[in-house]
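The values are calculated or read from the model by the stated rules, or taken from the named source; none is laboratory data. Remember, predicted model here, so these are calculated numbers, not experimental data. Neighbour counts are summed over all protein chains in view; Cβ atoms, including those assigned to glycine, are modelled from backbone coordinates with ideal geometry. The accessibility values were calculated without ligands, DNA or RNA, using every heavy atom of the protein model including side chains. Shrake-Rupley method; radii C 1.70, N 1.55, O 1.52, S 1.80 Å.
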Amino acid sequence: MFTGLVEALGTVHQIEADGPARHLVIREARLAPELALGDSVAVNGCCLTVVARDADTFRFQAGPETLQRTNLGELVPGDRVNLERALRLGDRLGGHMVQGHIDGSGRVARRQQQGEWETVWFSCAAELARLMVPKGSVAVDGVSLTLVDVAADRFSVALIPHTLAHTTLGFRAPGATVNLETDLLAKHVFKCLQGMIDGRNAESP
């Protein structure tokens with residue numbers, strides 16, 4: 001479990017093919033010494049397991065499903081990625097409950113600068129947008145954000161200067177792919193309500 005509060009921007013140091021999978025080596029000298037084998041880290045919002053580390057880098061394995069469903073499959077050496085270590089029992093939940101399980105991808109549709117802030121619109125699949133509501137929560141590349149407006153296949157967020165300076169969302173250009181995780185509670189409520197509606201429809205003569 002994560003909070004959606006990015007701890008650091010790491011740099012992709014190396015990518016190694018392993019059949020249909022890949023090994024991702026990330027450089028971030030502050031986090032590396034604090035990680036242990038088996039630790040969970042959200043990389044652009046995707047929960048991965050540390051399989052090796054040294055003084056300033058750490059390694060993950062990403063399988064075919066992860067590479068296909070997320071923007072981790074597009075990474076090349078030199079790219080920056082959002083990093084967050086898993087939440088510990090007793091930690092403050094400053095963002096919202098984020099599982100690190102990506103629901104799908106979206107794209108940066110439009111950026112509108114408003115002084116030091118920016119309003120950013122993202123396009124996404126309709127099945128993801130229907131799980132979003134204004135003032136609700138969404139994780140974009142692992143960043144916990146509050147939804148401003150929601151349409152049938154897109155949504156907007158307002159990015160504060162800190163988010164622009166310390167996450168990948170500060171430099172994602174229009175057309176760039178982002179990882180999306182919708183709100184955990186919204187998914188469960190939607191599934192329960194859908195099951196009730198389907199049950200009633202099945203009982204109707």
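Condition check for residue 2 on (1) surrounded by fewer than 16 Cβ atoms within 10 Å (Cβ to Cβ); (2) at pLDDT below 95; (3) not aliphatic (A, V, I, L, M): one failure, at (1).
Restricting attention to region 88-124 and to residues that are assigned to a loop (DSSP other than H, G, I, E, B), small (Gly, Ala, Ser) and open to solvent by 40 Å² or more (accessible area, probe 1.4 Å), the residue that is modelled with the highest pLDDT turns out to be 115.
Within region 149-163, the residues that satisfy the criterion of being closer than 18 Å to residue 116 by Cα and either surrounded by 15 or more Cβ atoms within 10 Å (Cβ to Cβ) or of a type in the set (Phe, Trp, Tyr) (or both) are 156, 157, 158, 159, 163.
Restricting attention to region 29-46, which residues are of a type in the set (A, V, I, L, M, F, W, C) and not in a helix (DSSP H, G or I)? Residues satisfying the conditions are 29, 31, 35, 36, 37, 41, 42, 43, 46. Annotation: residue 49 fulfils all but one of (1) closer than 27 Å to residue 19 by Cβ; (2) part of a strand (DSSP E or B); (3) open to solvent by 70 Å² or more (accessible area, probe 1.4 Å); (4) without any contact (Cβ under 8 Å) to a residue 40 or more places away in the chain; the unmet one is (3).
Do we find that residue 37 is under 22 Å from residue 99 (Cα atoms) and surrounded by 13 or more Cβ atoms within 10 Å (Cβ to Cβ) in this structure? Considered against the rule, which asks whether it is under 22 Å from residue 99 (Cα atoms) and surrounded by 13 or more Cβ atoms within 10 Å (Cβ to Cβ), residue 37 comes out as no.
Residues in region 11-20 that are over 14 Å from residue 76 (Cβ atoms) and assigned to a strand (DSSP E or B): 18 alone. Hey, among the residues in region 126-148 that are small (Gly, Ala, Ser) and part of a strand (DSSP E or B), which one's surrounded by the most Cβ atoms within 10 Å (Cβ to Cβ)? For region 126-148, the residue satisfying everything is 139. For region 79-86, does any single residue satisfy the condition of being among the small types (Gly, Ala, Ser), assigned to a strand (DSSP E or B) and either surrounded by 16 or more Cβ atoms within 10 Å (Cβ to Cβ) or touching a Phe, Trp or Tyr at 6+ places or on another chain (Cβ under 8 Å) (or both)? No, region 79-86 contains no residue that is among the small types (Gly, Ala, Ser), assigned to a strand (DSSP E or B) and either surrounded by 16 or more Cβ atoms within 10 Å (Cβ to Cβ) or touching a Phe, Trp or Tyr at 6+ places or on another chain (Cβ under 8 Å) (or both). Residue pairs whose Cβ atoms lie under 7 Å apart, separated by 6 or more positions or on different chains, with the first residue in region 142-161 and on the phi > 0 side of the Ramachandran plot and the second assigned to a loop (DSSP other than H, G, I, E, B) and open to solvent by less than 10 Å² (accessible area, probe 1.4 Å), are 142/4; 142/44; 142/45.
Of the candidates 39, 56, the single residue that is touching a helix residue (DSSP H, G or I) at 6+ places or on another chain (Cβ under 9 Å), of a type in the set (D, E, K, R), at pLDDT 95 or above and at negative phi is 56. Annotation: residue 72 fulfils all but one of (1) open to solvent by 60 Å² or more (accessible area, probe 1.4 Å); (2) touching a residue at least 12 places away in the same chain (Cβ under 8 Å); (3) not small (Gly, Ala, Ser); the unmet one is (1).
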